[in-house]
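S.K.: Before we start, here is the structure in question, set down as structure tokens.
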Amino acid sequence: MIKIITNGCLLGFGLAMDAFSVSLANGLNQPCMKPRKMLAVAGTFAIFQGLMPLIGWFLVTQLTSVFNAINPFIPWAALILLVFIGGKMLYEGIRPCEDGDSDCCEKKLTFSALMIQGLATSIDALSVGLTIAHLSFAEALLESVIIAALTLVICICGIYLGKKFGMKLSGGAAILGGAVLIAIGFKIFFFG
């Protein structure tokens, strides 16, 4: 049991780093984010990070040929999704606000953008299914819950830090946040 908890903590910390960076970018982009939304954003990343290893476990234990077929496309999907969202943030940060353009001056993280971010940052966690395939479902579930809990805490910290710096950076925060998302996409693509 201690080995499963330790492994879950190590996996959780490692997997949460991309979600932490995106949370930081979200905090930079929206420095006035309310605590309730912070929890919703961090919770979304936690749910995705917790579910993906379980999906990977299922694919490896039940449908190995399917997992092997989609595994090469995982870095491509993360790259495309993060470059798209990061590019949109860059565009919004560079584009000057026009009178009456409330969307420009009050940048909001939309539900669809959050879902794409959650998927893009957790898609590499499917591969964790390989490392936990030898576990029973209950053990794999425990590791996934640990991963989700750590992700939640780490992402709340990331959003909070982003908000702190976002207040100081003002208009440049969206540009920095977009650049961070694009960099994460390339990191996942080239280095996994």
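S.K.: Looking at region 6-28, is at least one residue within 14 Å of residue 122 (Cα to Cα), surrounded by 16 or more Cβ atoms within 10 Å (Cβ to Cβ) and of a type in the set (Asp, Glu)?
M.R.: Looking through region 6-28, at least one residue is within 14 Å of residue 122 (Cα to Cα), surrounded by 16 or more Cβ atoms within 10 Å (Cβ to Cβ) and of a type in the set (Asp, Glu).
S.K.: Would you check if residue 122 is surrounded by 21 or more Cβ atoms within 10 Å (Cβ to Cβ) and at pLDDT 75 or above?
M.R.: Working: surrounded by 21 or more Cβ atoms within 10 Å (Cβ to Cβ): yes; at pLDDT 75 or above: yes.
Spelling it out, residue 122 is indeed surrounded by 21 or more Cβ atoms within 10 Å (Cβ to Cβ) and at pLDDT 75 or above.
S.K.: Turning to a different aspect of this structure: Scan region 125-163 for residues that are buried (at least 17 other Cβ atoms within 10 Å of the Cβ) and free of Cβ contacts under 8 Å to residues at least 40 places away in the same chain and report the count.
M.R.: 0
S.K.: Given the structure, is residue 73 without any contact (Cβ under 8 Å) to a residue 40 or more places away in the chain, surrounded by fewer than 17 Cβ atoms within 10 Å (Cβ to Cβ) and closer than 22 Å to residue 166 by Cβ? First the steps, then the outcome.
M.R.: On the way: without any contact (Cβ under 8 Å) to a residue 40 or more places away in the chain: yes; surrounded by fewer than 17 Cβ atoms within 10 Å (Cβ to Cβ): yes; closer than 22 Å to residue 166 by Cβ: no.
So residue 73 fails the test.
S.K.: Given the conditions (1) within 29 Å of residue 165 (Cβ to Cβ); (2) in contact (Cβ under 8 Å) with a residue 12 or more places away in the chain, which single one is not true for residue 59?
M.R.: Single failed check for residue 59: (1).
The rows are residues; the columns are (1) assigned to a helix (DSSP H, G or I); (2) at pLDDT 90 or above; (3) within 17 Å of the chain's Cα centre (by Cα); (4) closer than 21 Å to residue 143 by Cβ.
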position: 11; (1), (2), (3), (4): yes, no, yes, yes
position: 18; (1), (2), (3), (4): yes, no, yes, yes
position: 22; (1), (2), (3), (4): yes, no, yes, no
position: 32; (1), (2), (3), (4): no, no, no, no
position: 66; (1), (2), (3), (4): yes, no, no, no
position: 74; (1), (2), (3), (4): yes, no, yes, yes
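S.K.: Here are some conditions: (1) among the acidic types (Asp, Glu); (2) at pLDDT below 85; (3) within 26 Å of residue 75 (Cα to Cα). Residue 103 meets all but one. Which one does it not meet?
M.R.: (3)
The values are calculated or read from the model by the stated rules, or taken from the named source; none is laboratory data. Quick caveat: nothing in here was measured; it's all calculated off a predicted structure. When we count neighbours, we look across all protein chains shown, and the Cβ atoms used for this are built from the backbone with ideal geometry, even at glycine.
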